Structures are given as C-alpha cells and as structure tokens.
Amino acid sequence: MRRLARAVILVLPALAVGGFMALFFVWPIGGVIARGLGGSGPAAVLGDVLGSESHRSVIWFTVWQAAVSTALTVAVALPAAGAMARLQFRGQRIVRALSTVPFVLPTVVVAAAFEGLFDRFNLSGGGALTLRHTVWAILLAHVFFNYAVVLRTVGAHWSALDARVEDQARVLGASRLKVFRRVVLPRLAPSIAAASAIVFLFSFTSFGVVLVLGGPTRATIETEIYRYAVTRIDLETAAALAVVQLVAVVALVVVSNALERRRAVAEPAASFANAPRRRGLGLVVNLALMAAILGLPIAVLVERSLAAGRGGGYTLRNYNALADRVNLLPDTALAALRNSLTFAVPATSLALLVGGAATLVVIRSGRRGGRGLGRFFDVGLTLPLGTSAVTVGLGFLLVLNRGPIDIRTSVIIVPIAHAVVGIPFVVRTLVPMLRTVNPRTREAAAVLGASPRRVQREVDLRVAARGLAVGAGFAFAVSLGEFGATSFIPRRPETLTAPLALFRLLGTPGETLRGQAMALAVALMALTAVAVFVMDLWGDSRRGGF
Amino acid sequence: MLTVSGATVAFGRVKALDLIDLEVATGEIVAILGPSGCGKSTLLRAVAGLQPLDTGEVRWDGEDLSGLPVHRRDFGLMFQEHALFPHRDVAANVAFGLRMQKMEAASRRRRVRDVLALVGLAGFEERQIATLSGGEAQRVALARSLAPKPQLLMLDEPLGSLDRPRREELTEELRSLLRGIGITVLHVTHDHDEAFAVGDRVAVMQSGRIARIGTPADIWHDPHRGEVARFLGHANVVTVGEDGAVPWGRLPVPAGPAVVRADAFSRVDDSVPGDDPVVTGTVADVRFRGDRFELRLRTDPGDFELLVRDPHPAATGDRLSYTIDPAKMAGLSS
C-alpha cells in the first residue's frame, strides 16, 4: 500500500510534466523536425543546408562569435569572481545582487542599451569608430549579458576552495601568478568549464541581441530561422536550419551536463571559513571594470530615454509618448507593457506548477534509486533552456493550428510559450537548492519524531519555498522579456508584447521613435528588475521562523 | 534497557559492525570509544533506526525495534556536526521535537526555556543559528536532543568540533548534566579522557567489534588486548616469554603479551642498598610534563625502548635503574 502511494506520488507529477512538455515542447519540436527533414530525408536536408555557401557562413559565424563571446566573458569576469570570492568589502551583497541584473534583462532591452550607447558616444557610424551593426556590438552585448553567469558559477566555487592551500604554495615559494596558474586555476577548471558551456550555449542561441545589434549583415542560425520563417515565409528552409540548430544544442547540453556532474563529484563540502584577505588596488580595478561593463550601458540607456534630442537637456517627453499611437504598432507601447504584465502572471504560474512538479520527480527519483527517470527529467528539462526560443516559436507556428488543440490564433498561446521557455529556469533553480539540504538535517528531524512526510514539510518545503520564489522571479522576468518565441505568434493588438513593440521601434529610424524605444526599454528593465528583486527578497524573508 | 545483539552492517566488503552485542541499563551512561572508522557512528545510526541492520537486532526493554521507524523510537541523537536547522532560530530548533509530540505552545515555550537554561544558554531563544559559536551550537544541539525527554540519548562525538580547552571544560559540564538528569546515554568518542570522564562503562570498539567493555578503571588497568592498550595510550606493550622473560630481564607475569604502564616504574637510588633494579638503561629522550617527566629509556640488554614516568628530573644520556610495580602491569590475551 505504501509502495503504491509512493509510486503514485512519483508518477502523477511525472505524468503532468510529461503531458505538458509533450504537448507544448516535444510536439512542436517534432513538427519542426518533421518539416525540416521533409520528404527528402535527413541526408538530403543536411546536404542542402551545408551545401549552400550562405548557410555555411552563417553556421560558421554562429560558432565563432559564440566561442569569442565565451572567451571574452570568462576573461573579463574571472578576476571579478576571484575578488568577490576572496575579498570582503562593504556593499558586497549589493554588488553581487546588482551584477545579476543584466542576466535577467530582456535581450531586446540589452540590445536597446547598446544601441543607445553607440548613439551617445557617436559609434553608430560617421565617427572615428563604428561599432553599430558590427560583430563587436554582438560580442560586447554577450559579455554584458553573460557576465553574471561566470561571476556566480565560478565565484561560488572559488569561495568554497580552501585559501590555505594557496597560502601554503606562497610559503613554498610560488609567486602570486604561479599560485593562480598552478594552484587556483586547476581547481577552478570544472566550474569554469561548466560556466563556459552555458555562456557558449546562450551566445550560440542568442536571438534578440544578434537580430538588433548585428544589423542586416550579421546573421546567426537563430536569426536566419526567423528571417526564413517570418520574412521570407520559407518554412522548409527555416525548419531545416532549426534541425541543425537542435542537433548542435543537444550536443552542447549533453556536454554541459556531463561537466556539471563531474564538478559535483569532485568538490568536497567546505567545513572551514576562509580568513578575510587584504583589499587593495585589485578590488578597485575590478569594481571599476564591473561598473563600466555592467553599469555604463544601463546608465546610458536611462540617460538616452530622458534626452530631449538635438536641443539638449532632459525631459519626460519620451515616457509620455508611450501612451501615443504609432503607425508602426498595432497598439500603443503602453498597451504592450500592459499585455506583457498580463501574460506574465499566468505564464509564471504555469512555469512554477510544471517546473515544481518536475523538480519533485528529479529529486525524489534521485533519492529513491530510480535514477533513470530523474536523469531523464533533469537533462530533458535543460533542453528547452538551450533549445532556442525561436525553434519553439517555429514549432508553435507549425503545429498548434491542428490536432488536439487549435490555439495558434488564441491569446493563451503567448503565456504557454513563455512558460515553456521559463520552466527550465524554475527547475534549474529548485533542484540544486534542494540538493544542498544536508541529509543529516533530515535525519535529525526524523530522530526528533518527524515522520517522512513531516520531514519533507519541515525541511525540504522550507528550502523549496525560497527556490520557488526565486524561480518565480526568473519565470516572470523570462515572460516579460520573451522575444524569440513570441516573434512567431501572429501579430494582433492583443498579442503585442513589450519586447515586440520595442523591437519594432528600434528597427525604425527616426529620433522620436528612438527616444520612445529607449523609454520603453527602461520601463521594461525596471519591471523585470523589480520582479526579480521582490521575489528574491520575499524568498529571503521566508527563511526565518515558522 | 537497550539490548543490541548480533548486529552486523556491511558496506561492500567492509564490515562496519561485526556481530555487536551490547547492553545499556536504564540510567546508565556507556561511552563507545574507538578510532575513526571503527564503526561507532554506524552503531548509533543502527540503534536510531537510520541504518538498517544486515543481521541481528536492537531491542528496547525487550521489545524488538526492527519494524519501528526512526521517528517513532523516541530516541535522541546528537550529530557530530550538530545538523541544526539553519533556517530556524534557537528556540525553534529546540522546540522541534516538542512540536512533533504535539505539545501545546505554552508548555513548549516553558520547556524550551528550561532546557536552554539547563545547558547554560538562558535567553538564547531568538538567536539565529549562523551567529552561534562552536560551543554554543553544541549546546543548542544538546538542548534540542534533550527537550523531548528521549528514553535514550545518543551523542556522536558531541565535542568533536571544539578545541582542546573548550572540550575539557564541556566534558565536565556534560558529565554532570547527564548524571544530573539520570538519562540513559550512548556516548561515542575517539578521546579516551572524554570516554573515561563521561562513561559509567566504556566499550572500546575496533574494526566493527567491541574489543573490551567495562568500567573505566577496569579497562585502564586491564586492557585485555594489545590494540586496546595501545589505543588507550599505553606505550609499553611487550611480549613475555617462558618464565617471564622479556628483552631486558624478567617480569612476574605469565607468557604472552603484557602491558607495563608508564607509572609502574620507580627509580632506584644506587647509594641505597636493598632495592633490586628490574631494568637498567640509558635515557634517550626527556619530556617535561609539568608534574612529572616522561623518559624514553633504552634498556641495556635487549635495546628495547620503554616509556617511563618519573617525578625526578633526568637528562639525555643518563644511566638509570628502575623497579617495576607488579600491580601496574597486566597480561593481555593475544
């Protein structure tokens, strides 16, 4: 009887998650694959895609820009990760929290910030240096966006390393540089590899940033899928490219998961506290660099949104204009913001529901020895994290107008698409958090008289509450900023989201529209940051007491 | 009364518990003493129900506990690293077991206050776990285990994470506290001073077996086995031949291994006739130990090194003779 109850507890969420993902992820992706491979078979499609000179150069560009973005991000963020891990200074927690902001910003907002930056410093063409619509624009934005990934992943690992080992090496006669190369770097390698894999994945599937900042000449697989599907209405080629993208992403996810597992094995729990280190010039340089890389684009974006234009001076005109109708858009920018907020609520709830159930399966089956199912869900749910939103969007476009549900033209397709993109973030937040629960704590609760069910409520659920809050913040932010999948949804006033409106505004020349775009970007950025911060704080306050 | 009989637990090829038999009378404190990896923590986990037994059984007052899950055993277990709930304050940690017993809030608060006072942490109710020192965390963990008044309290290296002086101080406190409330206790430690101080009886565990069990004095004076003697810090374990022959002379003990305690030696003054020295040698090393000196004596015949405790000073290279008190040596079973 108890066995049956256990099985039901494991199977029900598994079915729910499986059902949702099958309907809104596997089926659309399957549709893309079916269409992509078409009647001519995999070999022929691959031959067609790889045989075309232009496709080959797009694939090559996708790979190398992702590689360079990754290398640059690691190079820039590694010293900062060391400073954050090894030094203690006032305001450290605030710096750490702020450094995460770029990562949760909508990609179109990031693109807007860099467009604003180039305008402000005359780098948009005509000046001594042109960055707009160059590969540099893409690389810089990727560094900005992914900085926090390296800072957090490597930083957390770094602070868990015993600093006395480095002191020992110094005493034995190694210079600072040698200590870093011989003692620190080899120990950090697993987390650097894991962070790099994630940054590479994000840069590889980056859409909004490339579409806006790359201009008409720079294209990645992702933007090509969009161009073929939406602009040229050539769904066959779009789907074929999406298949190539999918293969690459699956390979990357498998590699990144393998790297992460190795790290989990190699790292013993730290049972010591590192003594605080001397702060010096290094810290100042690192903080200054961080402020320049992360702070400057945001500051300039805000400044641009307030700039009055040619005459100089500052005004709120751009913000007021958000309520005006523009020919370009089916509704006002303000209505788009309202739509985005309206979609974010159901999208977040859905992501939490499915993501929470999935976490239950991953954690429970992992603990009970049913590793297969847990691994399957763990890896399976990372796939959407990497699977480009564009592919999901294309899949929705291809299949959701027939079969069991015809919702392609319905409004509910938007929050569903957002939830699909948000679910992996929820799972990825919850699973590691629950895994950090010390098994001794559970045992202590059991010895004190808590039944297994009670242990779960008293120990796991408390940790999960914080994870759910953080995951909710993420899912909300993802929904607010979702652009890749949403850009495939038929254009109607009700489905116009803020990122879509922002994209259209950015893509059209004219000073007035530019100003409006900057104001809309700031508004979207503020909403996103507030969502993430509030959830993070709420999660924190839930920790103490009962 | 706790009865463990024939308890065996194997992890792969390693037997963490190998046919353990142990009885703990109600109100008795038994210290389990052994080096790390001897299986002593596994024994506690098995009694608590956290570790299923491969064979054997655990009984409480004659009742088999094998079907009883951890949370219904009404035993307390204090972990080495304390395992406090990091997300609750001190009061909530201590009250946890009481909440599980569904004690009503007012009496719960009273009990928490009383137990905290008992461990010397009166007024600590609202402190966060992260702000506690090692010693404070240890007391909170103890209070948490004591609060539900368990039938049996198990302590797994409760002082393991503390530094030497704190340890000695808290060993004293723990001893009088446990004696004071008259609770049945299984106390695991690797420190023989701690085991001797706290335990009514001490069980020395080695490689999953109980090598020796008895009162602290019994075990100290008569360790029975060479490994036990060495683990207790007896340096002079010698093999005695026929007629009491040892490398440097003769001892009045039967053939086989024997232990000669370092305090069994008395220095023989050559100018005073009468005392027959049993052993003579050259001092190889002297260590000052406050109230005494510890000498490494290299024996004349046999070239054997003995640890000798001597109240009188000596210098390296001195030639000294000693008699040995037969009451302070014991034969060991091999």
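Charges were assigned to the Cβ only: +1 to each Lys and Arg, -1 to each Asp and Glu. The resulting dipole of chain A about its Cα centre is roughly 2100 debye.
Using a simple spin-label model with pseudo-atoms 7 Å out from Cα toward Cβ, residue B:64 and residue A:217 lie 8.4 nm apart. Sequentially through the stretch A:429-442, phi angles give Karplus couplings (6.51, -1.76, 1.60; θ = phi - 60°) of 7, 6, 4, x, 4, 5, 6, 7, 5, 5, x, 4, 5, 5 Hz, Gly and Pro residues having no value and appearing as x. Using a Gaussian network model on chain B with a 10 Å cutoff between Cα atoms, which of B:219, B:32, B:324 fluctuates the most? Top of the fluctuation ranking is B:324. Divided by 2.2 N^0.38 Å, where N counts the residues, the Cα radius of gyration of the stretch B:234-331 comes to 1.02.
Taken over chain A, the alpha-carbon convex hull comes to 180 cubic angstrom per residue.
Model label sites at residue B:169 and residue B:235, defined 7 Å from Cα along the beta-carbon direction, differ in position by 3.1 nm. Our summary gives chain A a relative contact order of 23 percent, counting only alpha carbon pairs under 8 angstrom and 6 or more residues apart. The 3J(HN,Hα) values that the Karplus relation (6.51, -1.76, 1.60; θ = phi - 60°) gives for the stretch B:113-121 are, in residue order, 4, 5, 5, 4, 5, 4, 8, x, 10 Hz. Gly and Pro appear as x.
With the gyration tensor restricted to C-alpha atoms of the stretch B:90-144, the semi-axes of the equivalent ellipsoid amount to 19, 11, 9 Å, longest first. Dipole of the stretch B:90-144 computed with +1 at Lys/Arg Cβ and -1 at Asp/Glu Cβ about the Cα centre; of B:100, B:121, B:132, farthest Cα towards the positive end is B:100. If the segment from residue A:48 to residue A:231 were pulled out straight at 0.36 nm per residue, it would be longer than the present Cα-Cα gap by 63.9 nm.
The antiparallel fraction among DSSP beta bridges confined to the protein assembly as shown stands at about 70%. If R0 equals 45 Å, the separation of the Cβ atoms of residue B:284 and residue B:55 corresponds to a calculated FRET efficiency of about 0.35. For chain B, a Gaussian network of Cα nodes joined below 10 Å ranks B:19, B:152, B:142 by mean-square fluctuation, and the top entry is B:19.
Centre-to-centre separation between the Cα atoms of the stretch B:214-279 and those of the stretch A:58-104: 68 Å. So what is the diffusion coefficient of the stretch B:142-201 in µm² per second by Stokes-Einstein at 10 °C and 1.306 mPa s, using a Kirkwood Rh over Cα pairs? Roughly 134 µm²/s, to the nearest whole number.
For a paramagnetic label modelled on residue B:303 (point 7 Å from Cα along Cα→Cβ), amide N atoms under 15 Å away belong, within the stretch B:244-264, to B:247-248. On the basis of the beta-carbon distance and an R0 of 60 Å, residue B:176 and residue A:320 show a calculated FRET efficiency of 0.20. Entry note, chain B: the mean residue ellipticity at 222 nm calculated from DSSP H runs of n ≥ 4, each adding -39500 (n - 2.57), is -7500 deg cm²/dmol after division by the residues and rounding to the nearest 500. For the stretch B:99-187, the set of GluC sites (Glu not before Pro) satisfying both a DSSP loop assignment and a count of at most 10 other C-beta atoms within 10 Å is given as B:104.
Throughout, read-outs are computed from the coordinates displayed, never taken from laboratory work. Keep in mind that this is a model prediction, so the values were computed, not measured. Ideal geometry is used to build each Cβ from the backbone, glycine not excepted, and the neighbour counts take in all protein chains shown.
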